[in-house]
Amino acid sequence: MAGISSEGIKLSYKVDGSFVELTNLQEVPDLGNGERETIEITTLADSERKYIPGLFAGSEGLEFKFLYEKTQFMTLDALKDEAEWQIEISDGLTCTFSGSCGVRLDGQGVSAALTYTMTVIPTSKLVFA
């Protein structure tokens, strides 16, 4: 039977050569290297449009949502340099990439759990293994 639950997805970043798992993860974004752009090469002599493949569009920013916990929020907020990131799902598939991050507290209403969002801007291709 095909299918797998989102339970157990892990997000980690590399510190001093080893991955450190982040806690209280609630949501992960769509993952992939984007769709390939198309480049139009139609000339005035053509009777229909023609295209060639262009670059992969990639991701502008990957947003991860967490339940708020001050220590981890402050640690991620202090990450100013590019880091290596790894997402692992429960069947062992991993996605690794490099990127820099920023965090923001999410807006809240009455009687709601405080959350924050971390956005990672990838600076490398997402590699699945």
The alpha-carbon center of the stretch 33-89 and that of the stretch 1-30 are separated, in whole Å, by 18 Å
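Once you have the Cα-Cα distance between Thr117 and Leu93, take 0.36 nm times their residue separation minus that, and quote the gain in nm to one decimal.
On the way: separation 24, 0.36 × 24 = 8.64 nm, distance 2.35 nm.
Gain on extension, Thr117 to Leu93, equals 6.3 nm.
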When the dipole is taken about the Cα centre of the stretch 1-118, and only Lys, Arg (+1) and Asp, Glu (-1) are charged at their Cβ, what size is it in debye, to the nearest 20?
160 debye
Enumerate the aspartates and glutamates that Lys70 could reach by cross-link, defined here as Cα to Cα under 14 Å, with residues fewer than 8 away along the same chain left out.
Asp106
Considering the chain as a Gaussian network with a 10 Å cut-off on Cα pairs, which listed residue, Glu88, Glu63, Glu35, attains the greatest mean-square fluctuation?
Glu35
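Test of the criteria: in the stretch 46-119, which chymotrypsin sites (Phe, Trp or Tyr not before Pro) are in a DSSP loop and have at most 16 other Cβ atoms within 10 angstrom of their Cβ? All intermediate terms of the calculation are to be shown ahead of the outcome.
Working: sites: Tyr51, Phe56, Phe64, Phe66, Tyr68, Phe73, Trp85, Phe97, Tyr116; in loops: Tyr68.
Taking the stretch 46-119 and a limit of 16 other Cβ atoms within 10 Å, the loop chymotrypsin sites (Phe, Trp or Tyr not before Pro) found are Tyr68.
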Counting only heavy atoms of protein chains, what accessible area per residue, in Å², does the chain have with a probe of 1.4 Å?
67 Å²
With no solvent and one point per C-alpha, what does the Debye sum give as log10 I(q)/I(0) for the chain at q = 0.16 Å⁻¹?
-0.85
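Explain nothing, just the number: dipole magnitude of the stretch 57-129 about its Cα centre with +1 on each Lys and Arg Cβ and -1 on each Asp and Glu Cβ, in debye rounded to the nearest 20.
Details: 5 positive and 10 negative charges, 32 e Å.
Dipole of the stretch 57-129, to the nearest 20 debye: 160 debye.
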Note down the nm distance, to one decimal, between modelled labels 7 Å out along Cα→Cβ at Glu48 and at Leu105.
5.7 nm
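For Ser18, Ser6, Ser111, give me the order by solvent-accessible area with a 1.4 Å probe, most accessible first, ignoring ligands, DNA and RNA.
Working: Ser18 65, Ser6 85, Ser111 120 Å².
Ranking Ser18, Ser6, Ser111 by accessible area, largest first, yields Ser111, Ser6, Ser18.
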When N counts the residues of the stretch 1-68, how does its alpha-carbon radius of gyration compare numerically with 2.2 N^0.38 Å, as a ratio?
1.85
Picking from Gly92, Gly61, Gly32, which is most flexible by a Gaussian network model of the chain using Cα springs under 10 Å?
Gly92
Scan the chain and report its longest stretch carrying no trypsin sites (Lys or Arg not before Pro) that are both in a DSSP loop and have at most 16 other Cβ atoms within 10 Å.
1-48
Rolling a 1.4 angstrom probe over the protein chains, ignoring ligands and nucleic acids, what is the accessible area of Ile52 in square angstrom, nearest 10?
70 Å²
Virtual spin-label span in nm between Ile9 and Glu60, 7 Å along Cα→Cβ:
2.1 nm
Could you work out the relative contact order of the chain, using alpha carbon pairs under 8 angstrom and six or more residues apart, expressed as a whole percent?
26 percent
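From the protein chains alone at 1.4 Å, what is the descending order of accessible area for Ser98, Ser47, largest first?
Numbers: Ser98 30, Ser47 125 Å².
Largest accessible area first, the residues go Ser47, Ser98.
The values are calculated or read from the model by the stated rules, or taken from the named source; none is laboratory data. The shown structure was predicted, so the numbers you read here are calculated from the model rather than taken from an experiment. With ideal geometry, Cβ positions are generated from the backbone for all residues, glycine too; neighbour counts draw on all protein chains shown. Note: accessible area is taken over every heavy atom of the protein model, side chains too, but ligands, DNA and RNA are not part of it. Shrake-Rupley method; radii C 1.70, N 1.55, O 1.52, S 1.80 Å.
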